[in-house]
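Please treat every number below as a calculation from the coordinates, not as lab data. Keep in mind it's a predicted model, so treat the numbers as computed, not measured. Don't worry about glycine lacking a Cβ; one is built from the backbone with ideal geometry, like all the others, and counts go over all protein chains shown.
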Amino acid sequence: MISFANWSRIRFFWQSLGLTLGLILCFAVVWTPLAEAVPISKQPATEVKVSLGNSAGELKFFPNNLEFVAGQKYKLLLDNPSPTKHYFTAKDFADASWTQKVQSGKVEVKGAIHELELKPGGEAEWVLIPMKSGIYELHCSIPGHTEAGMTGQIVVSSH
Ligand SMILES: [Cu+2]
């Protein structure tokens, strides 16, 4: 015969089991989407190509009007096809962006960046997420280049 004490022990066992399974299910439901979320460093980036000058030696950015959407990831592909060195200077834009990395050759630089200098034939990839909408200025800080028209505009829209 099963005594009353045994019954309550059996009931307690099943109640505990039910509670445990319930908790496991809850955690599974909550954690699964988090576990499957792609880390920001692995998210795909939209490529945007900008040339600093051209082979004819014109002092311009090509293109000189860049458009981004805040919160989206971009890979800014910079190159310098011209015979002289140039700067990609966009301090306020850089301050308003989160930089994942700047890569050139076999070197990756992580952390905040404000300005890039590209020597003739130089190439660099700047992976970033513009965080704040606004209109930012871009220029080349080599003496005389801004004055000659080596400027640009970066527009970051909210969506
Ligand atoms: Cu320049």
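On a full-extension model of 0.36 nm per residue, what is the gain between residue 43 and residue 103, subtracting their alpha-carbon distance, rounded to one decimal in nm?
Working: separation 60, 0.36 × 60 = 21.60 nm, distance 1.66 nm.
Extra length from residue 43 to residue 103 when fully extended: 19.9 nm.
From the cross-link list 49/85; 42/85; 60/110; 60/106; 49/119; 73/119, which pairs have alpha carbons spaced over 23 Å apart?
With Cα atoms farther than 23 Å apart: 42/85; 60/110; 60/106; 73/119.
At a 10 angstrom cut-off on C-beta neighbours, averaged per residue, how do the peptides 39-46, 91-98 rank from highest to lowest?
Ranked from most to least packed, the peptides come out as 91-98, 39-46.
If each of residue 54 and residue 131 carries a label point 7 Å out from its Cα toward its Cβ, how far apart are those two points in nm?
For residue 54 paired with residue 131, the spin-label model returns 3.7 nm.
Give the cross-link partners of residue 132 among the aspartates and glutamates, using a straight C-alpha distance below 16 Å as the criterion and excluding same-chain residues fewer than 8 apart.
Leaving aside aspartates and glutamates fewer than 8 places away in the same chain, those within reach of residue 132 are 67, 92, 95.
Any idea how far apart residue 9 and residue 84 come out in nm if each label point goes 7 Å out from Cα toward Cβ?
Inter-label distance under the simple model: 9.2 nm.
On full extension of the chain, what length is gained from residue 153 through residue 64, given 0.36 nm per residue of separation minus the C-alpha to C-alpha distance? Present the calculation step by step, with values, prior to reporting the outcome.
Details: separation 89, 0.36 × 89 = 32.04 nm, distance 0.63 nm.
Gain on extension, residue 153 to residue 64, equals 31.4 nm.
Could you size up the charge dipole of the range 40-157 around its Cα centre, putting +1 on the beta carbon of Lys and Arg and -1 on that of Asp and Glu, and report it in debye to the nearest 20?
380 debye
Based on Cα positions only, what radius of gyration and what Dmax would you give for the range 90-159, in angstroms?
13.0, 36
Could you calculate the contour length gain from residue 117 to residue 95, that is, 0.36 nm times the residue separation minus the distance between their Cα atoms, to one decimal place in nm? Please list the in-between numbers first.
Working: separation 22, 0.36 × 22 = 7.92 nm, distance 1.74 nm.
Contour length minus the Cα-Cα distance gives 6.2 nm.
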